[in-house]
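Data block below; observations after.
The values are calculated or read from the model by the stated rules, or taken from the named source; none is laboratory data. What you see is a predicted model; the values in this text were computed from it and never measured. Positions of Cβ are generated from backbone atoms using ideal geometry, with glycine treated the same way; all protein chains shown enter the neighbour counts.
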Amino acid sequence: MSVYIPTIGLEVHAELKTRTKMFCDSKNDPDETRPNVNVCPVCMAHPGTLPVINKEAVNHIVKVGKAVGGRIADFTEFDRKNYFYPDIPKGYQISQYEHPIVSGGLLNGVALTRVHLEEDTASSSHLPALAGETGDYSLVDFNRAGVPLMELVTEPVIKSAKQAGDFARELQLLLRTLGVSEANMEKGEMRVEANVSVAPEGSRGTKVEIKNLNSFRAVEKAIEYEIKRQSEAIEKGEKIVQETRGWDENAGKTFSQRLKETSQDYRYFPEPDLPKLWLSKIADFQNFVLPELPWQKRERYAKAYGIKSEDIETYVADRMLGGFFEEVTALLGSDKALTALASNYITSDLVGLIKISDDKALGAVSPDSFAELIRMAREGIISSRGAKDILAVLFEKGGDPKKIAEEKGLLQQSDEAVLKAIARKIISENQKVADEYKNGKESAIQFLIGQGMKETKGAGNPAVLKKIFIELLT
């Protein structure tokens, strides 16, 4: 098979976190389970109603634009995007076409075309026929209709499914950092559409759009499948049709839905019921301070703490853990060995405790008690096993790690006279292993140390035990 080069562009929709909907005062509540309660005459498109622009939603898009280094429009306006579908009560969607709020920008190495603002559609549920009836049916819930929706469009510069997935993850992280959207894909708060074409190098392929990908895994799998499908079709001499395709998660393949619409099909024209906006003349959109952005935080963590890149990603993605880590390191001082040890316990043991807890919070453990626990582990006062056991108690009940260690007999035994007697006993009981070590089998020493830890109920200092066993066997 010839080599075909993929060209990928993404369109990402994210519901914005605002008190009310985009053009009315109905509540914007993504967690509402009752259908059709957050509605009003405006978002239900009753005759004679007029929309009003949500200033907070516009502010959110300006924040995103500034974060990605895009050009914030001086002049912007809203347009009518005309199409009929049951989830569009007006028969058109208020969106933006010629004058988006943000043009250009860069995120995770991917150039952006635009970021604009529009309203979300209602949500439809397609159900099988009821008992005694024929034909399937659909229900429409208008709670989501009119919710502020950001649409971000990239340039067609993405070259692989992984790059597309990484971009989507970074965008979700940015939206959460800015506080403009929770962007939970499983709740439909962030939806990705991928435009994919393949062609021999130097030529242009036919763009196929894959709609409503609702997980990062789906984004990557759907693009991988589409690259393979188009490459094989071209190899067979088949023509690629410009169309919209869906993603079947169970079958692991895309499927044709309809021919792709063009901008002419939507008959865009300026929304006559909304004012034009000159953003540079509105004080609320000027001079606000952005929070520390994900890439800035990565750089700071790497310079200040020198911890593993995987740990840095954990703290950048999880604000709760990142904040806890910074509080702990402030207590530990500038000792990078202590910082690295603290980070290891946070990203492995503490994260493990959080995962099995009910509220997914930090439990009762405080930065002070955690920092003290790390000092004890570093100084050999407790073993790593003891530190894990004490952390479990701190997480559940809080307390003083030193007192917990004393109460549970977890203070590490480093008295050489005591440990030497234990080591002699273990050697006499495991003479074959001792002989193996004497004959050059270095790994045998680990078995003996393990027996020493077992004999001391985890309280023996493994470093001291190792030293004693080597002395006794050489």
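For region 401-474, which helices (runs of 4 or more DSSP H) that fit wholly inside it have 3 or more residues that are over 20 Å from residue 376 (Cβ atoms) and either modelled with pLDDT of 90 or more or small (Gly, Ala, Ser) (or both)?
So the answer is 416-429, 431-438, 444-455, 462-473.
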Failed item, numbered, when residue 166 is tested on (1) of a type outside the set (A, V, I, L, M, F, W, C); (2) surrounded by fewer than 19 Cβ atoms within 10 Å (Cβ to Cβ); (3) in contact with a strand residue (DSSP E or B) (Cβ under 8 Å, 6 or more places away or on another chain): (3)
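Among the residues in region 233-248, are any hydrophobic (A, V, I, L, M, F, W, C), within 25 Å of residue 164 (Cβ to Cβ) and part of a helix (DSSP H, G or I)?
Taking region 233-248 first, the residues hydrophobic (A, V, I, L, M, F, W, C) are 233-234, 240-241, 247.
Adding the requirement that they be within 25 Å of residue 164 (Cβ to Cβ) leaves 233-234, 240-241, 247.
When the remaining residues are screened for being part of a helix (DSSP H, G or I), the result is 233-234.
There is at least one residue in region 233-248 that is hydrophobic (A, V, I, L, M, F, W, C), within 25 Å of residue 164 (Cβ to Cβ) and part of a helix (DSSP H, G or I).
Please find, within region 333-365, the residue that is surrounded by the most Cβ atoms within 10 Å (Cβ to Cβ) out of those that are among the small types (Gly, Ala, Ser) and within 13 Å of residue 311 (Cα to Cα).
Initially, region 333-365 is screened for residues among the small types (Gly, Ala, Ser), giving 333-334, 337, 340, 342-343, 348, 352, 357, 361, 363-364.
Next cut, within 13 Å of residue 311 (Cα to Cα) only: 340, 342-343, 348.
Numbers: 340: 14, 342: 29, 343: 24, 348: 11.
Here the residue is 342.
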Qualifying residue in region 237-248 (condition: surrounded by 19 or more Cβ atoms within 10 Å (Cβ to Cβ), closer than 12 Å to residue 6 by Cα, hydrophobic (A, V, I, L, M, F, W, C) and in contact (Cβ under 8 Å) with a residue 12 or more places away in the chain): no
Region 73-118, residues that are over 22 Å from residue 157 (Cβ atoms), in contact with a Ser or Thr (Cβ under 8 Å, 6 or more places away or on another chain) and β-branched (Val, Ile, Thr): 88
Selected residue (only one of 3, 62, 68, 58 is among the aliphatic types (A, V, I, L, M), out of contact with any Asp or Glu (no Cβ under 6 Å at 6 or more places or on another chain) and more than 23 Å from residue 179 (Cα to Cα)): 3
Residue in region 364-379 that is of a type in the set (Val, Ile, Thr) and out of contact with any strand residue (DSSP E or B) (no Cβ under 7 Å at 6 or more places or on another chain) present: yes
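In region 252-309, what residues are among the hydroxyl-bearing types (Ser, Thr, Tyr), touching a residue at least 24 places away in the same chain (Cβ under 8 Å) and not in a loop (DSSP other than H, G, I, E, B)? Even if it seems obvious, please write down each step before you answer.
Here is the first cut: in region 252-309, the ones among the hydroxyl-bearing types (Ser, Thr, Tyr) are 254, 256, 262-263, 266, 268, 280, 301, 305, 309.
Filter again for touching a residue at least 24 places away in the same chain (Cβ under 8 Å), leaving 254, 263, 266, 268, 280, 305.
Across region 252-309, the qualifying residues are 254, 263, 266, 280, 305.
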Pair list, Cβ under 6 Å, 6 or more apart: region 363-384 residue within 22 Å of residue 323 (Cβ to Cβ) and of a type in the set (S, T, N, Q), other residue part of a helix (DSSP H, G or I) and at pLDDT 95 or above: 369/394; 369/401
Residue list for region 191-214, filter: under 14 Å from residue 7 (Cα atoms), of a type in the set (A, V, I, L, M) and surrounded by 19 or more Cβ atoms within 10 Å (Cβ to Cβ): 194, 196, 198, 208, 210
Identity of the residue in region 128-150, surrounded by fewer than 19 Cβ atoms within 10 Å (Cβ to Cβ) and of a type outside the set (A, V, I, L, M), that ends up nearest to residue 111 (Cα to Cα): 138
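In region 101-110, what residues are crowded, with 19+ Cβ neighbours inside 10 Å and within 19 Å of residue 276 (Cα to Cα)?
Quick first cut of region 101-110, residues crowded, with 19+ Cβ neighbours inside 10 Å only: 101-102, 105, 107, 110.
Passing the criteria: 101, 102.
Do we have any residue at all in region 49-68 that's among the small types (Gly, Ala, Ser), touching a residue at least 12 places away in the same chain (Cβ under 8 Å), closer than 30 Å to residue 170 by Cα and touching a Lys or Arg at 6+ places or on another chain (Cβ under 8 Å)? Walk me through it before giving the result.
Filtering region 49-68 down to residues among the small types (Gly, Ala, Ser) leaves 57, 65, 67.
Next cut, touching a residue at least 12 places away in the same chain (Cβ under 8 Å) only: 57, 65, 67.
Checking which are closer than 30 Å to residue 170 by Cα leaves us with 57, 65, 67.
Subsequent filtering for residues that are touching a Lys or Arg at 6+ places or on another chain (Cβ under 8 Å) retains 65.
Within region 49-68, one or more residues are among the small types (Gly, Ala, Ser), touching a residue at least 12 places away in the same chain (Cβ under 8 Å), closer than 30 Å to residue 170 by Cα and touching a Lys or Arg at 6+ places or on another chain (Cβ under 8 Å).
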